[in-house]
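K.L.:
Have a look at this one.
The values are calculated or read from the model by the stated rules, or taken from the named source; none is laboratory data. Worth saying up front: this structure is predicted, and the values here are computed from it rather than measured. Neighbour counts are summed over all protein chains in view; Cβ atoms, including those assigned to glycine, are modelled from backbone coordinates with ideal geometry. SASA here: full protein model, heavy atoms, side chains in, ligands and nucleic acids out. Shrake-Rupley method; radii C 1.70, N 1.55, O 1.52, S 1.80 Å.
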Amino acid sequence: RTPVRETIFRLEREGLVRVIEGKGAFVASYTIDDMIEIYQMREGLEPLAARLACSHLADDDLDHHEEQLSRYRARPALRQEDPGQWRQLGRDFHNMFIHASKNARLIRVIEGMQHQIELFRGLGRTINPRTDLKSAVEEHDEILHALRARNPQRAEKAVRAHLQNGLRLRLEALQTKR
């Protein structure tokens, strides 16, 4: 197979492209139901990853993310000034505990959804760039403190609450756009 064909098949597996026999490949469109499904998947998988990660996380990783979050805590406007940097920090933060779970299958499933996750993560900034800046930082702080305390139940609960709030904010923003 050619590299282009391989890429199209990979994008189709990731849900970013629809292939219609005899017609070609088309960029997939997403609905509110798709967003809800992605968040339901994340809500089932990421809290588990956080719970499993508690006994494996390196203090250096936690220290790095604590430093980054403290910048946003001190200056919440940074999220608006450089939303790409905030999104990258969020991605890196989630990936830190997902990979620290040491569960290869769990990591593979979440990585297989990564492009769709990023699509909806970015959508949050597009539909409502002024989402509650303070609460997102506080939610990440709560997750970080639970991970640092090596408290699996608290970490699981904090990640679940964070994801539920993320979905709720996106749904509310979409309702006001209608």
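K.L.:
Give just the number: which of (1) at pLDDT 85 or above; (2) open to solvent by 70 Å² or more (accessible area, probe 1.4 Å) does LYS177 not satisfy?
P.N.:
Condition (1) is where LYS177 drops out.
K.L.:
So, in region 39-77, how many residues would count as being among the hydrophobic types (A, V, I, L, M, F, W, C) and either in contact with a Gly (Cβ under 9 Å, 6 or more places away or on another chain) or over 19 Å from VAL159 (Cβ atoms) (or both)? Can you show your working first?
P.N.:
Keep residues of region 39-77 that are among the hydrophobic types (A, V, I, L, M, F, W, C), which gives 41, 45, 48-50, 52-54, 57-58, 62, 69, 74, 77.
Right, trim to either in contact with a Gly (Cβ under 9 Å, 6 or more places away or on another chain) or over 19 Å from VAL159 (Cβ atoms) (or both) and you get 74, 77.
Residues that pass the stated criteria total 2.
Residues are listed down the side, and each one gets a yes or a no for (1) open to solvent by less than 90 Å² (accessible area, probe 1.4 Å); (2) farther than 19 Å from ILE110 by Cβ:
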site: ARG5; (1), (2): no, yes
site: PHE9; (1), (2): yes, yes
site: ARG13; (1), (2): no, no
site: ILE20; (1), (2): yes, yes
site: GLU37; (1), (2): no, no
site: CYS54; (1), (2): yes, no
site: ALA58; (1), (2): yes, yes
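K.L.:
Further question on the same structure: Would you be able to tell me the number of residues in region 17-41 that are closer than 24 Å to LEU174 by Cα and among the aromatic types (Phe, Trp, Tyr)?
P.N.:
The number of residues fulfilling the criteria is 2.
K.L.:
I'm trying to understand the selection: among the residues of region 76-90, which are without any contact (Cβ under 8 Å) to a residue 12 or more places away in the chain and open to solvent by less than 40 Å² (accessible area, probe 1.4 Å)?
P.N.:
Selection gives LEU78, GLY84.
K.L.:
Next question, about the same structure. Which of (1) assigned to a helix (DSSP H, G or I); (2) among the basic types (Lys, Arg); (3) at pLDDT below 85 does ARG18 not meet, given it meets every other one?
P.N.:
(1)
K.L.:
Oh, and also: Mind telling me which of the residues TYR30, TYR72 ends up being aromatic (Phe, Trp, Tyr) and open to solvent by 40 Å² or more (accessible area, probe 1.4 Å)?
P.N.:
Testing whether each residue is aromatic (Phe, Trp, Tyr) and open to solvent by 40 Å² or more (accessible area, probe 1.4 Å) leaves just TYR30.
K.L.:
What about ARG121, is it modelled with pLDDT under 85 and either touching a strand residue (DSSP E or B) at 6+ places or on another chain (Cβ under 8 Å) or charged (D, E, K, R) (or both)?
P.N.:
Here the answer is yes, as ARG121 does meet what is asked.
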